[in-house]
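> Can you keep this structure in mind? I'll have questions shortly.
The values are calculated or read from the model by the stated rules, or taken from the named source; none is laboratory data. This structure is a prediction, so every number in the text was calculated from the model and none was measured. Every residue, glycine as well, gets a Cβ built from its backbone with ideal geometry; the counts of neighbours run over all protein chains shown. Note: areas computed on protein heavy atoms with side chains; ligands, DNA, RNA excluded. Shrake-Rupley method; radii C 1.70, N 1.55, O 1.52, S 1.80 Å.
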Amino acid sequence: MKQLMARFNEILEIQKQRNLLLKEIEDDLGFDMSFSEEDTFKNAMNIFQKELEKEIAKEVSSWMK
């Protein structure tokens, strides 16, 4: 469980950094492309969910052999 939380926190941090970069280029672009905190969290959850689903499918597949 600790590994899962660590991975989610890693993904969330990546999404936060991405959002900061988007905010930094806002002046150059002339408009805001950044995400709200809620959307940043949702993006991290979606990525984590996809990774978790792949890992579960992989484990189930190995059990079936």
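> So which of 1, 45 is hydrophobic (A, V, I, L, M, F, W, C) and at pLDDT below 95? Break it down into steps so the answer makes sense when it comes.
Working: 45 fails: at pLDDT below 95.
The unique qualifying residue is 1.
> Yes or no: region 1-11 includes at least one residue that is under 9 Å from the mean Cα position of the chain (by Cα) and either open to solvent by 90 Å² or more (accessible area, probe 1.4 Å) or touching a residue at least 60 places away in the same chain (Cβ under 8 Å) (or both).
Let us first name the residues in region 1-11 that are under 9 Å from the mean Cα position of the chain (by Cα), namely 8-11.
Add one more test, that the residue is either open to solvent by 90 Å² or more (accessible area, probe 1.4 Å) or touching a residue at least 60 places away in the same chain (Cβ under 8 Å) (or both), and what stays is 10.
Among the residues of region 1-11, at least one is under 9 Å from the mean Cα position of the chain (by Cα) and either open to solvent by 90 Å² or more (accessible area, probe 1.4 Å) or touching a residue at least 60 places away in the same chain (Cβ under 8 Å) (or both), which makes the answer yes.
Yes/no matrix, rows are residues, columns are (1) in a helix (DSSP H, G or I); (2) of a type in the set (Val, Ile, Thr); (3) in contact with a strand residue (DSSP E or B) (Cβ under 6 Å, 6 or more places away or on another chain):
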site: 11; (1), (2), (3): yes, yes, no
site: 32; (1), (2), (3): no, no, no
site: 42; (1), (2), (3): yes, no, no
site: 57; (1), (2), (3): yes, no, no
site: 61; (1), (2), (3): yes, no, no
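> A further question follows. Report, by residue number, each residue of region 28-65 that is open to solvent by 100 Å² or more (accessible area, probe 1.4 Å) and among the aliphatic types (A, V, I, L, M).
Across region 28-65, the qualifying residue is only 64.
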